[in-house]
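So that we are looking at the same thing, I have put the structure below in structure tokens.
The values are calculated or read from the model by the stated rules, or taken from the named source; none is laboratory data. This is a predicted model, so every value here is computed, not measured. Cβ sites come from the backbone with ideal geometry, for glycine too, and all protein chains shown count toward neighbours. To get the accessible areas, we keep the full protein, side chains included, count just its heavy atoms, and leave off ligands, DNA and RNA. Shrake-Rupley method; radii C 1.70, N 1.55, O 1.52, S 1.80 Å.
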Amino acid sequence: MSALLQAEGLRLRFGAAPALDGVSVAIWPGEVVAVVGESGSGKSTLLRVLSGQIAPDAGTVHYAGQDVLALSEAGRRRLMRTEWGYVHQNARDGLRLGVSAGGNVGERLMAAGERRYGSIREVAARWMERVELDPARMDEPPRNFSGGMQQRLQIARCLVTEPRLVFMDEPTGGLDVSVQARLLDLIRKLAKEMGLAVFLVTHDIAAARLLAHRILVMRRGQVVEEGLADRVLDDPRHPYTQLLVSSVLAA
Amino acid sequence: MTLLLKAEGLRKGFTLHLQGGISLPVLEGEALELHAGECVALSGPSGAGKSTLLRCLQGNYGVDAGRVLLRHRGAMVDFAAAEPRLVRDIRAETLGYVSQFLRVIPRVPALEIVVEAGVEREAARALLRRMNLPDRLHSLPPATFSGGEQQRVNLARGFGPAYPILLLDEPTASLDAANREVVVALILEAKARGAGIIGIFHDEEVRDRVADRLHRVLPIGPAPATEAA
Amino acid sequence: MSAAVQEAGGYNFAYLDEATKRMIRRAILKGLAIPGHQIPFGAREMPLPYGWGTGGIQLTASILGPRDRLKVIDQGADDTTNAVSIRRFFQRVAGVEVTTRTAEATVIQTRHRIPERHLTEGQVLVFQVPMPEPLFRLEPRLTEARRLHALGDYSLAQLRLYEDIARQGETGSSYNHPVMVNGRYLMSPSPIPGYDNPKLHRSAAILLFGAGREKKIYAVPPWTEVRSLDFDDHPFRPMLAAAPCAFCGSRDSYKDEIVSDDRGGRVFVCSDTDHCRENQS
């Protein structure tokens with residue numbers, strides 16, 4: 001078995017500030033990896049580089065043997081709508097607001113070549129149920145749904161083609177605490193059921209503990225500590241990790 | 001008897017960077033063996049590092065030096081140096097752990113917690129019943145349970161999958177006499193099927209009934225502060 | 001000064017200068033070589049406003065020769081203002097023969113219809129196109145729309161179709177229903193009724209599309225596969241008025257609905273006036 005996604009020696013500067021300063025990451029099939037760190041630590045930049053959205057100044061990114069940085073636009077998009085998923089922090093960035101809930105979920109199926117209206121609806125309804133949305137509401141626009149429901153819809157839209165790797169950018173950011181718990185539990189359940197590899201960026205230590213198998217701690221563009229999720233949180237070595245963990249109540 | 005676990009030369013300390021970098025050594029040259037069918041009780045004064053040792057053996061704490069050889073899928077692997085993926089596999093198949101407190105996952109019902117550990121649904125239900133958790137609680141998330149009830153869910157999850165190696169941290173601490181008896185029975189059954197158990201038993205009566213031998217963990221003298229301090 | 005220019009009463013033959021025609025012909029050839037792909041061209045100012053067929057007129061002007069016979073229709077009719085004035089324009093600037101008979105025309109410029117009569121090899125149908133981009137309403141960013149064409153990613157159009165069926169229970173639009181050309185490019189057929197879409201498929205005639213304001217030309221060479229976008233279980237089925245034509249009695253032609261009296265009475269008549277005339281004679 002080899003890593004699903006493997007990045008080596010990533011470097012990227014925005015002006016004078018290094019956003020990534022020699023970062024290497026491997027994500028294995030079925031593994032949930034969380035990147036924690038404060039804003040400006042480089043974790044979001046890392047997410048965008050790994051998902052091929054921006055090119056680093058130096059370093060390599062390989063997905064299942066393919067050189068992600070050398071992929072054509074067509075190849076990258078194909079990955080993005082088949083084997084990869086991307087969950088945005090803001091559901092409105094990940095959904096088409098002018099399109100019904102069912103259409104939002106069905107779009108990736110159509111992109112993957114599904115041409116039967118009936119099956120698209122069937123699968124979309126099943127996925128709405130899976131993310132705990134009422135399939136009877138599949139013809140309603142996303143604006144009729146609450147923030148937490150929109151986020152779950154975005155997840156359904158993303159997972160409907162059964163990707164192998166899902167990137168998540170602060171998926172619970174901006175949601176009420178009670179809504180967050182439900183969403184985290186759903187993500188945890190789906191990731192387990194589907195054997196998803198997840199690359200999760202979050203500043204929420206509790207979310208990282210709940211979801212992640214492994215944690216990377218980033219600071220100033222560098223991974224200062226990484227390892228087994230519970231070990232990083234319960235036995236932090238690096239001063240910054242200790243600070244991060246001690247700042248959280250009952251994580 | 002088959003050797004299940006062999007720890008040697010374990011060193012573990014904590015450097016508290018937020019407290020000026022002071023260094024707290026806890027374990028030094030710790031060594032321990034565990035064979036199939038036996039139960040080893042960690043003993044020693046409180047604060048001596050029993051809990052730290054148990055957590056090092058579980059992988060929750062990383063060791064500074066030494067090895068933890070552990071029989072996984074028929075071969076001895078160095079658990080202390082294992083990659084996170086291997087640690088996950090070992091915890092899923094080989095190494096069970098019952099912590100002092102259940103870390104509650106929101107919205108996951110008691111029964112599912114046990115099932116997710118790899119126990120057949122009916123067996124999980126039977127085990128919860130045996131832990132005196134009535135059926136009406138099985139479908140509820142344990143967040144609202146009492147401490148004792150949560151601990152019994154925790155025990156069901158730990159004993160359910162029949163791990164070859166089981167680590168127990170004060171398994172009977174918050175239990176009444178009847179449930180304590182259940183735990184003693186579970187431990188004896190586990191030993192009988194060939195499992196090796198390492199535990200911290202606060203309750204001496206329980207300890208004497210289940211443990212085959214004691215392993216003393218002694219406090220090491222306070223080390224000189226690091227240069228940074 | 002050539003004889004042709006003199007014949008045209010001071011204008012170059014067919015109004016446009018030869019350099020412009022060559023540029024447009026190159027765009028047409030490119031369009032024919034890549035069926036359904038939109039080719040940008042340097043559209044000229046024409047002596048009529050955008051929306052009146054400036055794109056179509058420039059195409060017609062560029063392909064017209066002295067021996068051509070031109071027919072111009074607007075919504076199927078030869079006698080509407082737009083059709084009449086364009087026909088008269090070419091009579092004046094090119095001196096070509098004009099006709100209202102589909103069978104006799106070598107070049108037919110049209111707005112929003114395809115003649116009922118089967119077109120034959122050697123005929124050219126020139127469409128006036130207001131908006132050439134079929135993804136226009138789905139993807140407002142033109143650069144992104146271009147990228148989607150390049151990648152052949154038409155899930156957005158399929159998604160629109162899904163939404164139409166979910167909302168209205170039927171496949172899509174009654175006119176300007178998008179088509180896949182040669183299995184590669186999604187194309188706007190211009191605002192023709194869905195009923196005309198099947199006539200695009202394996203057409204014997206050359207199909208040219210010109211958008212003056214948007215400065216785009218695209219084309220479908222003869223015998224090219226042109227499929228209306230649909231779902232396997234919701235095949236594209238164009239609608240046709242059930243009533244027969246009040247003039248010729250035809251049941252299978254595309255009809256216009258017209259108010260026939262002051263009491264709100266309505267009748268259906270053939271939209272294709274030449275077809276109706278043929279049926280009646």
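Given the criteria facing chain B (nearest Cβ under 8 Å) and open to solvent by 50 Å² or more (accessible area, probe 1.4 Å), does A:ARG237 qualify?
Criteria met by A:ARG237.
Give me the residue from segment A:207-230 that is open to solvent by 50 Å² or more (accessible area, probe 1.4 Å) and at negative phi and, out of that set, farthest from the other protein chains (Cβ to nearest Cβ).
Of everything passing the filter in segment A:207-230, A:GLN222 is farthest from the other protein chains (Cβ to nearest Cβ).
Separate question: Sort out which residues of segment A:70-96 are open to solvent by 30 Å² or more (accessible area, probe 1.4 Å) and either more than 12 Å from chain C (Cβ to nearest Cβ) or assigned to a loop (DSSP other than H, G, I, E, B) (or both), and write them in order of number.
A:ALA70, A:LEU71, A:SER72, A:THR82, A:GLU83, A:TYR86, A:HIS88, A:GLN89, A:ASN90, A:ARG92, A:ASP93, A:ARG96 - these are the residues of segment A:70-96 that are open to solvent by 30 Å² or more (accessible area, probe 1.4 Å) and either more than 12 Å from chain C (Cβ to nearest Cβ) or assigned to a loop (DSSP other than H, G, I, E, B) (or both).
Residue-by-condition table, conditions (1) in the same structural domain as A:ARG77 (by TED's automatic domain parsing); (2) within 18 Å of A:LEU183 (Cα to Cα); (3) polar (S, T, N, Q):
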{"site": "A:MET110", "(1), (2), (3)": "no, no, no"}
{"site": "A:ARG115", "(1), (2), (3)": "no, no, no"}
{"site": "A:GLY118", "(1), (2), (3)": "no, no, no"}
{"site": "A:GLU122", "(1), (2), (3)": "no, no, no"}
{"site": "A:GLU132", "(1), (2), (3)": "no, yes, no"}
{"site": "A:GLN150", "(1), (2), (3)": "no, yes, yes"}
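So, in segment A:121-146, of the ones that are open to solvent by less than 30 Å² (accessible area, probe 1.4 Å), away from chain C (no Cβ under 14 Å) and in a loop (DSSP other than H, G, I, E, B), which residue ends up farthest from A:LEU97 (Cα to Cα)?
Here the residue is A:VAL131.
Of the residues in segment C:118-138, how many are more than 16 Å from C:ASP230 (Cα to Cα) and crowded, with 17+ Cβ neighbours inside 10 Å?
Going through segment C:118-138 one residue at a time, the tally reaches 12.
Take the residues in segment B:32-58 that are within 14 Å of B:LEU168 (Cα to Cα) and of a type in the set (Gly, Ala, Ser), then tell me which one is most open to solvent (accessible area, probe 1.4 Å).
This residue is B:SER51.
Residue by residue through segment C:226-255, note down the ones that are of a type outside the set (S, T, N, Q), surrounded by 17 or more Cβ atoms within 10 Å (Cβ to Cβ) and either within 14 Å of chain A (Cβ to nearest Cβ) or in contact (Cβ under 8 Å) with a residue 40 or more places away in the chain (or both).
Listed by number, the residues that qualify are C:VAL226, C:LEU229, C:ASP230, C:PHE231, C:HIS234, C:PHE236, C:PRO238, C:TYR254.
Need at least 2 residues that are at pLDDT below 95 per element, so show me which strands (runs of 3 or more DSSP E) inside segment B:8-109 make the cut, counting only ones lying wholly within it.
B:22-35
Looking at (1) crowded, with 19+ Cβ neighbours inside 10 Å; (2) more than 24 Å from C:GLU278 (Cβ to Cβ); (3) not acidic (Asp, Glu), which one does C:VAL72 not meet, given that it meets all the others?
The single condition C:VAL72 does not satisfy is (2).
If we only count strands (runs of 3 or more DSSP E) wholly inside segment A:178-234, which ones have 1 or more residues that are without any contact (Cβ under 8 Å) to a residue 60 or more places away in the chain and either of a type outside the set (Val, Ile, Thr) or closer than 24 Å to B:VAL115 by Cβ (or both)?
A:222-228
Of the conditions (1) closer than 22 Å to A:LEU46 by Cβ; (2) in a loop (DSSP other than H, G, I, E, B); (3) β-branched (Val, Ile, Thr), A:THR161 satisfies every one except a single condition; which number is it?
Among (1) closer than 22 Å to A:LEU46 by Cβ; (2) in a loop (DSSP other than H, G, I, E, B); (3) β-branched (Val, Ile, Thr), the lone unmet condition for A:THR161 is (1).
Looking at (1) more than 14 Å from A:VAL61 (Cα to Cα); (2) in contact with a strand residue (DSSP E or B) (Cβ under 9 Å, 6 or more places away or on another chain), which one does A:LEU20 not meet, given that it meets all the others?
Among (1) more than 14 Å from A:VAL61 (Cα to Cα); (2) in contact with a strand residue (DSSP E or B) (Cβ under 9 Å, 6 or more places away or on another chain), A:LEU20 violates only (1).
Further, regarding this structure: Have a look at B:ASP89, B:ASP78, B:ASP64 and point out the one that is acidic (Asp, Glu), over 15 Å from B:ILE198 (Cα atoms) and open to solvent by less than 50 Å² (accessible area, probe 1.4 Å).
Being acidic (Asp, Glu), over 15 Å from B:ILE198 (Cα atoms) and open to solvent by less than 50 Å² (accessible area, probe 1.4 Å) holds for just one of B:ASP89, B:ASP78, B:ASP64, which is B:ASP78.
Identify all residues within segment A:97-120 that are under 27 Å from A:SER146 (Cβ atoms), part of a loop (DSSP other than H, G, I, E, B) and more than 8 Å from every other protein chain (Cβ to nearest Cβ); write none if there are none.
Selection gives A:LEU97, A:GLY98.
Would you please list the contacts, defined by Cβ atoms under 9 Å and residues six or more apart or on different chains, that run from a residue in segment C:143-156 that is more than 9 Å from chain A (Cβ to nearest Cβ) to a residue that is open to solvent by 50 Å² or more (accessible area, probe 1.4 Å) and part of a loop (DSSP other than H, G, I, E, B)?
Pairs that qualify, where the first residue is more than 9 Å from chain A (Cβ to nearest Cβ) and the partner is open to solvent by 50 Å² or more (accessible area, probe 1.4 Å) and part of a loop (DSSP other than H, G, I, E, B), are C:ALA145/C:PHE136; C:HIS149/C:HIS37.
Tell me the residue from C:LYS21, C:LYS30 that is assigned by TED's automatic domain parsing to the domain that holds C:PRO191 and crowded, with 18+ Cβ neighbours inside 10 Å, please.
C:LYS21
Picking from C:ARG213, C:ARG266, which residue would you name as being touching an Asp or Glu at 6+ places or on another chain (Cβ under 6 Å), at pLDDT below 95 and charged (D, E, K, R)?
Just a single option satisfies the conditions, and that option is C:ARG266.
Among the residues in segment C:23-37, are any out of contact with any strand residue (DSSP E or B) (no Cβ under 7 Å at 6 or more places or on another chain) and closer than 21 Å to C:PRO193 by Cα?
Scanning segment C:23-37, I find no residue that is out of contact with any strand residue (DSSP E or B) (no Cβ under 7 Å at 6 or more places or on another chain) and closer than 21 Å to C:PRO193 by Cα, so the answer is no.
While we're on this one: Can you tell me which condition C:VAL179 does not meet? The list is (1) open to solvent by less than 10 Å² (accessible area, probe 1.4 Å); (2) over 24 Å from C:GLU214 (Cα atoms); (3) at pLDDT 95 or above, and all the others hold.
The failed condition is (2).
If C:LEU148 passes every condition in (1) surrounded by 23 or more Cβ atoms within 10 Å (Cβ to Cβ); (2) over 19 Å from C:ALA27 (Cα atoms) but one, which one does it miss?
If we test C:LEU148 against (1) surrounded by 23 or more Cβ atoms within 10 Å (Cβ to Cβ); (2) over 19 Å from C:ALA27 (Cα atoms), just (1) comes out false.
Within the set of pairs 6+ apart or on separate chains, which have a first residue in segment B:29-56 that is over 19 Å from A:ASP234 (Cβ atoms), a second that is hydroxyl-bearing (Ser, Thr, Tyr), and C-beta atoms under 9 Å apart?
The qualifying pairs are B:HIS35/B:THR2; B:ALA36/B:THR2; B:GLY37/B:THR2.
Scan segment A:48-63 and tell me whether some residue there is within 14 Å of chain C (Cβ to nearest Cβ) and open to solvent by 10 Å² or more (accessible area, probe 1.4 Å).
Scanning segment A:48-63 turns up no residue that is within 14 Å of chain C (Cβ to nearest Cβ) and open to solvent by 10 Å² or more (accessible area, probe 1.4 Å).
When you scan segment C:235-281, how many residues do you find that are in a loop (DSSP other than H, G, I, E, B) and on the phi < 0 side of the Ramachandran plot?
Count: 27.
Is it true that A:PRO171 is at pLDDT 95 or above and open to solvent by less than 20 Å² (accessible area, probe 1.4 Å)?
no
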